[in-house]
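Notes for the one structure printed next.
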């Protein structure tokens, strides 16, 4: 049993160069997509090495509420008995927490069930955009109450007509992924067209398409901004969940601050995860990166340098990169991430507020941040109920005395034991967040 961290948690200062191996937990994005597809398949599916965190446990609980058995194997895998065409809710209410994937992936599944379900969650999730998805579901034949956000009631009729919809997903690519994942079960499948502002996090939609194809769905994404999923049965699968490459950001950033090196084993050679660009970005900031067939090693280089980076396709990396930028020897500019104001918190404002509290110089721009390094001093910082923000402050704590983080436990959203693994990394031992 893990010992709860003190609140606020004093972020440890690095007192020696690192030499650690960090075994990452599974990808939240892969785990939750695989859970939904297994639930909609006919037969038994297995998720091996799934992430077990607040968001994925909420997804599993939501599927159970919709009548899908999700159980533990002796090996720690998740076994999913696909509901196929016979989903019947066993509970009236589904808690989505502050999980965008649960809030956006499960309402289309509920529309395929027979019965009424109410979705709600944390206060913050009620501010996260959902409207375009709800409008699209109504156009596809769903019966639901809700206008732009949670709470939401879905009255499932056992099937959904499907068809063609156009929506603006510039606030979140999950609005598209939520429709695509359930589309094989729609009577007519679905054709989704994005029209509006720039589409963020395109790799996450590619991840959805890849998962659908592995489950036997026919998907046409050959036209930019247009996706077509044909109706048809999904096959249950045996899915091994990749490590979460976005979660790697804090750990692989650490050597640029503390010196030494950190190695992450199990880094996939071929992946659509947006976090795959992390080693290149760290290299641009001064790291020495070594890649092998099954691992990435990042070592401190000859300094920590500022960069300019368009992060629209890897927005989850923004907080940790901003923390590094505040410690660099030259200014940095990050852009293309206006939509991260609508994630677990307003990440642009949270980063600016926290860095300024430490004495940093930050300018918020319409779609990002400009950071000019200054000497930083310690302070107690809010996590804003955001796992990525809390991890960014931990990176700063490696170099700045006196940083304490309120509610570091929010990191459980993606890392079951962040404090333990961070402490072990600083002790130069294998640090497994799993």
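The values are calculated or read from the model by the stated rules, or taken from the named source; none is laboratory data. Quick caveat: nothing in here was measured; it's all calculated off a predicted structure. Positions of Cβ are generated from backbone atoms using ideal geometry, with glycine treated the same way; all protein chains shown enter the neighbour counts.
For region 227-277, the tally of residues that are over 19 Å from the mean Cα position of the chain (by Cα) and under 20 Å from residue 20 (Cα atoms) stands at 11.
Test residue 341 against the stated conditions and say whether it is without any contact (Cβ under 8 Å) to a residue 12 or more places away in the chain, under 17 Å from the mean Cα position of the chain (by Cα), under 28 Å from residue 171 (Cα atoms) and not assigned by TED's automatic domain parsing to the domain that holds residue 130.
It is true that residue 341 is without any contact (Cβ under 8 Å) to a residue 12 or more places away in the chain, under 17 Å from the mean Cα position of the chain (by Cα), under 28 Å from residue 171 (Cα atoms) and not assigned by TED's automatic domain parsing to the domain that holds residue 130.
For region 161-170, the condition of being at positive phi and assigned to a strand (DSSP E or B) holds for at least one residue.
How many residues are buried (at least 18 other Cβ atoms within 10 Å of the Cβ) and assigned to a loop (DSSP other than H, G, I, E, B) if we restrict to region 322-336? Break it down into steps so the answer makes sense when it comes.
Step one: of region 322-336, the residues buried (at least 18 other Cβ atoms within 10 Å of the Cβ) are 322-328, 332, 334, 336.
With assigned to a loop (DSSP other than H, G, I, E, B) added as a condition, the list becomes 327-328, 336.
Qualifying residue count, region 322-336: 3.
The single condition from (1) at pLDDT 95 or above; (2) touching a helix residue (DSSP H, G or I) at 6+ places or on another chain (Cβ under 6 Å) that residue 171 fails is (1).
Confirm whether residue 122 is more than 15 Å from residue 178 (Cα to Cα) and crowded, with 16+ Cβ neighbours inside 10 Å. It is true that residue 122 is more than 15 Å from residue 178 (Cα to Cα) and crowded, with 16+ Cβ neighbours inside 10 Å.
Among the residues of region 169-182, what is the count of those that are buried (at least 19 other Cβ atoms within 10 Å of the Cβ) and in contact (Cβ under 8 Å) with a residue 60 or more places away in the chain? Explain how you work it out, then say what you get.
First, pick out the residues of region 169-182 that are buried (at least 19 other Cβ atoms within 10 Å of the Cβ): 169, 171-182.
Within this subset, residues satisfying the condition of being in contact (Cβ under 8 Å) with a residue 60 or more places away in the chain are 171-172, 174-175, 177-179, 181-182.
Count: 9.
Take the residues in region 158-168 that are under 30 Å from residue 336 (Cα atoms) and touching a helix residue (DSSP H, G or I) at 6+ places or on another chain (Cβ under 7 Å), then tell me which one is surrounded by the fewest Cβ atoms within 10 Å (Cβ to Cβ). Looking at the filtered set, the residue picked out is 168.
From the list 50, 8, 25, the lone residue that is crowded, with 24+ Cβ neighbours inside 10 Å, under 30 Å from residue 379 (Cβ atoms) and touching a residue at least 12 places away in the same chain (Cβ under 8 Å) is 25.
Could we say that residue 350 is in a strand (DSSP E or B) and buried (at least 17 other Cβ atoms within 10 Å of the Cβ) here? Working first, answer last.
Numbers: in a strand (DSSP E or B): no; buried (at least 17 other Cβ atoms within 10 Å of the Cβ): yes.
No, not satisfied.
Residue by residue through region 255-286, note down the ones that are part of a loop (DSSP other than H, G, I, E, B) and within 30 Å of residue 401 (Cβ to Cβ). Across region 255-286, the qualifying residues are 259, 285, 286. When you check residue 155 against the structure, is it surrounded by 15 or more Cβ atoms within 10 Å (Cβ to Cβ), out of contact with any helix residue (DSSP H, G or I) (no Cβ under 9 Å at 6 or more places or on another chain) and outside any helix (DSSP H, G or I), yes or no? So residue 155 fails the test. Among strands (runs of 3 or more DSSP E) entirely within region 359-426, having at least 3 residues that are under 25 Å from residue 309 (Cα atoms) singles out 361-365, 368-372.
Any idea which residue in region 292-317 is nearest to residue 253 (Cα to Cα), counting only those that are surrounded by fewer than 17 Cβ atoms within 10 Å (Cβ to Cβ) and over 20 Å from the mean Cα position of the chain (by Cα)? Before you say what the answer is, go through the steps one by one.
Going residue by residue through region 292-317, those that are surrounded by fewer than 17 Cβ atoms within 10 Å (Cβ to Cβ) are 292-295, 302-303, 308, 310.
The next check asks that each one be over 20 Å from the mean Cα position of the chain (by Cα); those that pass are 292-295, 302-303, 308.
Details: 292: 19, 293: 21, 294: 19, 295: 16, 302: 14, 303: 13, 308: 17 Å.
That would be 303.
Here's the yes/no breakdown for (1) in the same structural domain as residue 391 (by TED's automatic domain parsing); (2) under 20 Å from residue 389 (Cα atoms); (3) touching a residue at least 60 places away in the same chain (Cβ under 8 Å); (4) in contact with a strand residue (DSSP E or B) (Cβ under 7 Å, 6 or more places away or on another chain):
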residue	(1), (2), (3), (4)
270	yes, no, no, no
275	yes, yes, no, no
292	yes, no, no, no
299	yes, no, no, yes
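Count of region 38-71 residues, restricted to those that are modelled with pLDDT under 95 and more than 28 Å from residue 386 (Cβ to Cβ), is 2. Here's a check for you: in region 358-373, which residue that is over 28 Å from residue 125 (Cα atoms) and touching a residue at least 40 places away in the same chain (Cβ under 8 Å) is nearest to the chain's Cα centre (by Cα)? Going through the qualifying residues, I end up with 371. For region 97-135, the set of residues classified as within 18 Å of residue 164 (Cα to Cα) and over 23 Å from the mean Cα position of the chain (by Cα) consists of 111, 112, 135, listed by residue number.
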